[in-house]
Structures are given as structure tokens and as C-alpha cells.
Amino acid sequence: MRASRVLTFARYEIRRAVARKKVLALVALTVLISIAPYYALYATHTSLITPPLRPYLWILGVFLPQAFFLQFTALLIAAGSMSEEYEQGTAEVLLSKPVSRQEYFFGKYLGGYALVVGIVVLDVILSITSATFVFGPQQQLGIEPMILVAQVFAALVFYSFAFMVGELMRRSSLSYILSASVFFTSEVVGVFLNILYTLTGTDVYKVANYYLPTSPVDSLPLLLAEPKFPSSVQLVFRFAATPVEPSIGVSALLIAVYFLSAVLIALSYFTRMDVAKRVT
């Protein structure tokens, strides 16, 4: 593979996604999600937001979207990346050029993933800015780069899965539906497993919950961040989410296994199968 060609396809994927207005809609929603909660908290004058907690409220904006919005964003960007090319007949045109399939595959993968990273970064910047503007100077911001890396890494799971489904199905509507179904099913099953474990105390439910793809994705950033903050700030984390996985190492390993498996399956299928002229 030539890096220049991979980057060319990555830039093409970014332009293609932006041109379809999908990314612009996600950016607008990111702005709303990152700003609105702070002004809502300020307007309600809730007694839960005590003065000692105010310097740490940036945590809410950074972690609240982690479990749902950021993962769903990654899914929406990735699901149509490959499938839309088949439907429009552009995959055959692009691959008729003097480029390898690997250059095309990884260029599109990295281009879409760059958009996901951009949205995660935008959420962090807006959350910290909004918290500072509404509740005053924020503290412990030095840990944010580590949290950002963890969130970007965690987003690989559903981004890679949706990218794989798009290649396997080669139908954008079917890819969106199937990818979203797996995501929501994992979230719902995780809730039920947690309830069953709480009611019965049977460890099998807790262990089963560990291996759901949503569990390490939701847990890794929280496991990295929580020990770095005073115990008085744990209330803010409880508003955001509760980690499911037992350790940072287990979370990172599961994320790596899930995303690498999806990428390898998609690459293997793409390399071996014919590129249809047009999928209708």
C-alpha cells in the first residue's frame, strides 16, 4: 500500500460524508448535547449542584454522551461508508483506477474514523467551555487528554462493526438497521443482566454482562478517570454512568478484540468478493 493513496481515499471519504449532510447534522446535534445540559442545570437551580462540585461539572458533558451518542455517531458514519458506494455504482469506478483494494479499504476506514474523532473532540471542547462559562473555572482538566484517547479508542468497536456490516450487506438501509439493532440490543441486554445479578447475586449474569460490546466501551474512560478525582466528585460520575468492566486491562483487551475482528472480517470479505457494478 502507498500511504499517499490511502490518505487520498481518506480525504475523499471525509468530503463524501460532509456532502451528504450527515456529518453536519451530527455536528449540530453535538453542539446541542454539549451545551444544553449546563444551561438546564443552571436554570433549574438544583440543590444537587453544590459549590464544591461546580469545578468538576465538565465531567457531565464529556461522559454523558459516551454510552449512547458517541457510539451511535460512530455507527451512523461507518454503516454507509462502503454500502453507499455499491448502491451508487462508484465502488467499481474507484477500483478501476490504478489502486489496490487495501488502499481503498483503509482509506475509507480512516477517513470515516477521522470524522468520529473530530466529533469526540468537538464534544470535549464544547463541554469544557460551557461548564466554565456557566459554573466558573473547571479543575482537573489535565486528565482530559487521557480520557479523550480512551473515548476515541472505545469508539472503534461500533465504528468497526458498522463498517463491517456495510461491507457484508452492501445495502445502506439494511446496514444502518442491523448495526443499530446490535447496539440497542447490547444496551438493553446489559440492563437486564445487571438487574438479574442485583436480584439473584448469581455471578454468571455479571460475567455475561462483561462480554457485551457496550460494556468495555462504556467502562474504559470511566475506569481511567474516576480514581483521579476526589471522592466527593463521585456523585458527578454517577450521573454520567457506572463502569461495568472489572479493570482497565480487560476493557482495553475486549475493545481491541472486537474492533480487530470486525476489521479483519470486512477486509477478508472485501478482498475476496467481486465488486458489483451497482447494487439496487
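All of the numbers you see were taken from the coordinates with simple rules; none came from a lab. Every value quoted in this text rests on a predicted model; they were computed, and no experiment measured them. All Cβ positions, even for glycine, are placed from backbone atoms using ideal geometry, and neighbour counts span all protein chains on display.
Before moving on, here are some points about what is shown:
- Once the gyration tensor of the Cα atoms in the chain is diagonalised, the equivalent ellipsoid follows with semi-axes of 36, 22, 16 Å, ordered largest first.
- Under the criterion of Cα pairs below 8 Å and six or more residues apart, the relative contact order for the chain equals 28 percent.
- Using the Cβ-Cβ distance between Met273 and Phe133 with R0 set to 45 Å, the FRET efficiency from 1/(1 + (r/R0)^6) comes to roughly 0.30.
- Neighbour counting of Cβ atoms within 10 Å sorts the residues Arg101, Arg15, Arg272, Arg170, fewest neighbours leading, into Arg272, Arg15, Arg101, Arg170.
- Among Met169, Met1, Met273, a tally of other beta-carbon atoms within 10 Å of each Cβ gives an order, fewest to most, of Met273, Met1, Met169.
- Overall Cα dimensions of the range 162-216, principal axis frame, Å, largest first: 43, 14, 13
- Karplus-derived 3J(HN,Hα) values for the range 100-116, using 6.51 cos²θ - 1.76 cosθ + 1.60 with θ = phi - 60°, are 8, 5, 5, 5, 5, 4, 6, x, 5, 4, 5, x, x, 5, 4, 5, 4 Hz; glycine and proline are entered as x.
- Summary of the geometry: the range 57-136 and the range 1-19, compared by the centres of their Cα atoms, lie 13 Å apart.
- Axis angle, to the nearest 10 degrees, between helix 156-169 and the longest C-alpha principal axis of the chain: 30 degrees.
- Spin-label model, Thr242 to Ala114: label points 7 Å out along the Cα-to-beta-carbon direction sit 4.1 nm apart.
- Projected-area mean, the range 97-181, by convex hull of Cα positions, square nanometres: 8.0 nm²
- Among Leu24, Leu267, Leu212, the largest mean-square fluctuation in a Gaussian network model of the chain (Cα springs under 10 Å) belongs to Leu24.
- The Stokes-Einstein estimate for the range 133-243, based on a Kirkwood radius over Cα pairs and taken at 10 °C with 1.306 mPa s viscosity, is a diffusion coefficient of 97 µm²/s.
- Helix-only arithmetic for the chain: the sum of -39500 (n - 2.57) across DSSP H runs with n ≥ 4, divided by the residue total, places the mean residue ellipticity at 222 nm at -25500 deg cm²/dmol.
- Calculated FRET value between Val93 and Val204, using beta carbons and R₀ = 45 Å, to 0.05: 0.30
- Here the contact order of the range 23-158, divided by its residue count and restricted to Cα pairs under 8 Å and six or more residues apart, works out to 45 percent.
- Shape category assigned to the range 20-99 from the gyration tensor of Cα positions, a/c cut at 1.5: prolate
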